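Read-outs: derived from the displayed coordinates by stated rules, not from any lab. Every value quoted in this text rests on a predicted model; they were computed, and no experiment measured them. For neighbour counting, all protein chains shown are included, and Cβ atoms are generated from backbone atoms with ideal geometry for every residue, glycine included.
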Amino acid sequence: MLRLLAFTVLTAAATFTAFAEGSAPAAPAAAPVAAEPAANPASPAKPAETTDTASAPTPAAPAPAAPVKLTFTRCNVDGPYIAITFDDGPHPTQTPRLLAMLRERKIHATFFLVGQCVAENPEIAKQIVQEGHEVGNHSWSHPNLLKLSADSVRDQLERTHNVITQEAGVVPLIMRPPYGNFSQQQRAWAHATWNYPTIIWDVDSLDWKHRNPAKTESIIMANTRPGSIILCHDIHKTTVDAMPSVLDKLIAKGFKFVTVSELIKMHHEPIAPLVPAKVAKAPTLTAKKAATAATSLKDLDTPKPKAKPKTKTKP
């Protein structure tokens, strides 16, 4: 009985073990890993960002502002351009005569107007502008501005600036001091106040002095060159009498007339030529000096024999 019971227990245990090994569920398969998408050949890979700024270009420092040119005596231009100027008008009879001569030759000039003359002849001032000429400020009553107070200088230029603007219909862009007398400080002040450059001249016809048409012509023809600013006065009959011949001869020489402001726009500072370094010249020796020098050099190499001491002889 006991043997039967033991056999039964052993049989049941073996059956249970076999069942457990055959019916256990398999471990779940690992989840598939998604593959990396292939790189698009048309879209290159984005370069990695870097924080290295050593190779980044440094912005260039702004160029220093060019110094303002306050005064023009003449202009450095490329080409045969000149400006002829007329001071002290407008004159009631001589300026219209001159305008007709300029119109006939299709020449544009520059007129430096006196304020009180503009007030007396506003229609002529307006005609000057309408015919394409330039007008500039030449003070109210033509004083020596160096001898006036700062307030008086302001009054001279401001009144003229305003009357030209009102009567001629344009704002003057340039000024010429009477007699050319204007200090550097005054020139800087006029430029800061009205943006005026100060216009002088390099060809003075001296028409106001000699009152001779032939002399006016000879001076202008002898001294005019490209970039010149020519000084004349349209208040003198002798000056206007000289103009037909002067203008025609300047044209025949190939000069082209422009206004002062147009000439300034063409101006460029000349380039300073390169000056070669000075080389010291070897001294030149005459035959005599050369022989002396050779002897001196030889003397340096060959010591001189010692001179024998002189013995005194008794008398």
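Put in order of Cβ neighbour count within 10 Å, fewest first, the listed residues HIS210, HIS133 become HIS210, HIS133. Derived scalar couplings between HN and Hα for segment 145-157 equal 5, 5, 9, 9, 6, 4, 5, 5, 5, 4, 4, 4, 7 Hz in order, rounded to whole Hz, by the Karplus curve 6.51 cos²θ - 1.76 cosθ + 1.60 (θ = phi - 60°), x for Gly and Pro. The amide H of THR198, built 1.01 Å from its N in the peptide plane, has THR71, PHE72 as neighbours under 5 Å, considering only residues 5 or more places off or on other chains.
Note that segment 240-251 has calculated 3J(HN,Hα) couplings of 5, 4, 7, 5, x, 5, 4, 5, 5, 6, 5, 5 Hz, one per residue in order, obtained from phi through the Karplus relation 6.51 cos²θ - 1.76 cosθ + 1.60 (θ = phi - 60°); glycine and proline are x. Shown for LEU173, LEU99: other C-beta atoms within 10 Å of each C-beta, ranked fewest to most, produce the order LEU173, LEU99. Close amide H pairs (under 5 Å, H built 1.01 Å from N) link PHE111 with PHE86, GLU134, VAL135, GLY136, residues at least 5 positions away or on another chain.
Can you tell me how segment 174-227 classifies by the Cα gyration tensor, rounded, prolate or oblate, using a/c under 1.5 as the rounded cut? In terms of gyration-tensor shape, prolate. With a Förster radius of 30 Å applied to the C-beta separation of ALA150 and THR73, the computed FRET efficiency comes to 0.75.
Extending 7 Å from Cα along the Cβ direction at ILE251 and again at GLU269 yields two label points whose distance is 3.8 nm.
Across all Cα pairs in segment 71-266, the calculated P(r) in 5 Å bins from zero up to the longest distance comes to 1, 8, 18, 21, 22, 17, 9, 4, 0, 0 percent per bin. Short version: ³J(HN,Hα) in whole Hz for each residue of segment 205-212, in order, from phi by Karplus 6.51 cos²θ - 1.76 cosθ + 1.60 (θ = phi - 60°), x for Gly and Pro, what are they? Residue by residue, segment 205-212 yields 6, 6, 4, 5, 8, 8, 6, 10 Hz.
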